[in-house]
Each structure stands twice: as structure tokens, then as C-alpha cells.
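Here the structure comes first, spelled out in C-alpha cells, and everything after it is commentary.
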Amino acid sequence: MKHLLGLQGVPEEEIYAILDTAKSFRELLDRPVKKVPSLRGTTIVNLFFENSTRTRISFELAEKRLSADLINFTSSGSSISKGETLLDTVHNIESMKIDLVVVRHSGAGVPAFLAKNTHAIVLNAGDGAHEHPTQALLDMFTMRQRFGEIKGLRVAIVGDIRFSRVARSNAWGLKTLGADVVFCGPPTLMPGDMSDLGVEIAPNLEQAVRGADVVMALRVQRERQNDGYLASEREYRACYGITRERLDAWNPSAMVMHPGPVNRNIELDSEVADSEQSVILDQVTNGVAVRMAALYLLAGGIGK
């Protein structure tokens, strides 16, 4: 594939190609010298129209580890704030001979729009409530580290499904690799139609967590919600919070994940987030390796 816009429709062999390549880069990150010349001479622009810390830094570090030349762009202080259109911005950047664009935007479909209107390779770093493919890939890489195989795993994804691009990308990717995916969350935070995702819907948290190999808590995304989606954070925690007591009672061996940032003691208690069951920090480290792999496979042939 020329671009990485999402995981819907991406075949199993291409997902495994990224995960297998990421394994080599993950080993590199443990070495004294963590830099390789794989993308030397390749110019990458990070177009972040939406606030981000973890994803942006992860991509920047991945690009530097691959020896790429990188340019960071944020909408605040740019010509966007002066009325320039997105397409004009892209054309201006492309005239600077950019090879690859990493884009994050609050609008669903923006990466696909850019892919149709630029000669550069486009990698989606999160678009609205649509997809976040590299987050799902790093989640799958982390599961594979622990279990060796994705096929046959039962993965419970709990929380704000309606506004979660992470949930959608994980559903597409995990189902493609043969995992069983179950969604659980407040009815107001569940999408209206999930038939195309092919996931199971659990009526309550206990049913989702019992028997799951992986329990992934999602952040309550207040910034994307209008009034009425959630009565209160206290009520959310009472019904859907992953607590120590609930895990001990329902599934003491489950691997616990979270895409971050964590709202501690709301969707995930601190005692759980900091426990041996949690692989949240492993997800962060693995994210660099997975993004290195995606960048390398997409742009590895440029100028070579």
C-alpha cells in the first residue's frame, strides 16, 4: 500500500509485515546506538492540527531514529490561523519537496483527502473518531509480545467507543488477525451501527472482562462530547471503571492496556495502571518501533 490511512480492509499479510519489521526495530531501541540510516535523505512533515503529546513525540523520535529530515507543523501560529485552506497548506508544503506527510486532524477523512490531493505518501496519526492505525498496530505488537499469537485472543475494549478512533482501528486489525473483540461501554457512548465491525457487545463490564485475555480501557473524551453523553465521571467509574477489586474478582490474569493519556481513577484506577498486569509503558516504547516500521515500509524506497 502507498499510504497508511486506516486498518479497514488492510490484509493480514500487510499487518504482519509491519509487526515483523517492528520487532527488529524494537531490538534496536535496546542497543547503545539507537539510530540507523534507513531513511536518510527522506523528508517528512508532521502535520498536527490537533493537540497531541504522546503520538507526536513518538513519531518524531521514530523519524529521528531512522535518520529522516523532519519538519514539525502545528496549526496555531501557522497560515491556517490566517485563513489559508488545508489544501493550500498541503500544496505549499509539497512545493518544498516533502516525501511523506504524517497528519493528525480532528476531522474524519482528512488523511484520505490529502492522499488524493498530494503526491506525497500519507500516514494517518489519528483523524477525528475515524481511525488511528499506528496505535492499533502498537497495541497488537504488545499483545503479540505477551501471547506470541493474536489469533484466538479475546480482547475487551471498554469505555468511550463512540468517539474512539483507537477502538475502530483495533477492531479492524484484531478481527483481521483472528482475535475476538468485545466492546463495552455506556449506551450513550456506543456507536449506532457496529454491524460492519463484527464485534461482540457486552451488556455489562463483568461480562466483558470475564474470560478476556486483554482488557483495554479507553479514555473518556470530553473534548469530543456534547452535553448529555455522560451523566458524570463518578457514575462512569461506578459502572465501567477498571478497579483492582473488579479485576481480582473477575479476571486476575488479564493483561491491561490503555492508549493514553489515562484519566486515573476514572476509567482505570492507579493501582491497576501501575500494576504488573499493566503494559501501558510497554505500549509507549513499542509505539516508537511500530512507527519506525510503518515509516520505513512506506518510504523506504524513496531516493534509494
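Computed from the coordinates by the stated procedures, all read-outs in this text should not be read as laboratory data. Since we're looking at a predicted model, the values are computed, not measured. Cβ atoms come from the backbone with ideal geometry, glycine included; neighbour counts cover every protein chain shown.
Summary of values
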{"read-out": "Gained length - Met194 relative to Glu233, 0.36 nm times residue gap less alpha-carbon distance", "value": "11.6 nm"}
{"read-out": "GluC sites (Glu not before Pro) restricted to DSSP loop in the stretch 246-304 with at most 14 other C-beta within 10 Å", "value": "Glu276"}
{"read-out": "Spatially close lysines, pair count over the chain: Cα under 22 Å, gap of eight or more or interchain", "value": "19"}
{"read-out": "Computed lengthening from Asn204 to Glu14, 0.36 nm per intervening residue step minus Cα-Cα distance", "value": "65.0 nm"}
{"read-out": "Gain upon complete extension [Asp274, Lys64; 0.36 nm per residue less C-alpha separation]", "value": "72.7 nm"}
{"read-out": "The chain, dipole about Cα centre (Lys/Arg Cβ +1, Asp/Glu Cβ -1), debye to the nearest 20", "value": "780 debye"}
{"read-out": "Per residue, the convex hull volume that the Cα atoms of the stretch 133-279 enclose (Å³)", "value": "100 Å³"}
{"read-out": "Farthest toward positive dipole pole in the chain [+1 Lys/Arg, -1 Asp/Glu at C-beta], among Tyr296, Met190, Ala136", "value": "Tyr296"}
{"read-out": "Sparsely packed GluC sites (Glu not before Pro) within the stretch 84-174, loop by DSSP, other Cβ within 10 Å at most 15", "value": "Glu84, Glu149"}
{"read-out": "Ser95 versus Arg31: modelled label distance in nm, points set 7 Å from Cα along the beta carbon direction", "value": "4.1 nm"}
{"read-out": "DSSP beta bridges in the chain [antiparallel fraction, %, rounded to 5]", "value": "5 percent"}
{"read-out": "Amide H partners (placed H, <5 Å) of Met190, local residues excluded", "value": "Arg162"}
{"read-out": "Cα centroid of the stretch 1-76 to Cα centroid of the stretch 108-133, whole Å", "value": "15 Å"}
{"read-out": "Mean separation of Cα contacts under 8 Å (6+ apart) over length of the stretch 133-279, as relative contact order %", "value": "24 percent"}
{"read-out": "The chain: DSSP helices with Cα axial extent of at least 24 Å and average Kyte-Doolittle hydropathy no lower than 1.0", "value": "280-299"}
{"read-out": "Residue-count net charge about Leu281 - beta-carbon cut-off 13 Å; Lys, Arg +1, Asp, Glu -1", "value": "-2"}
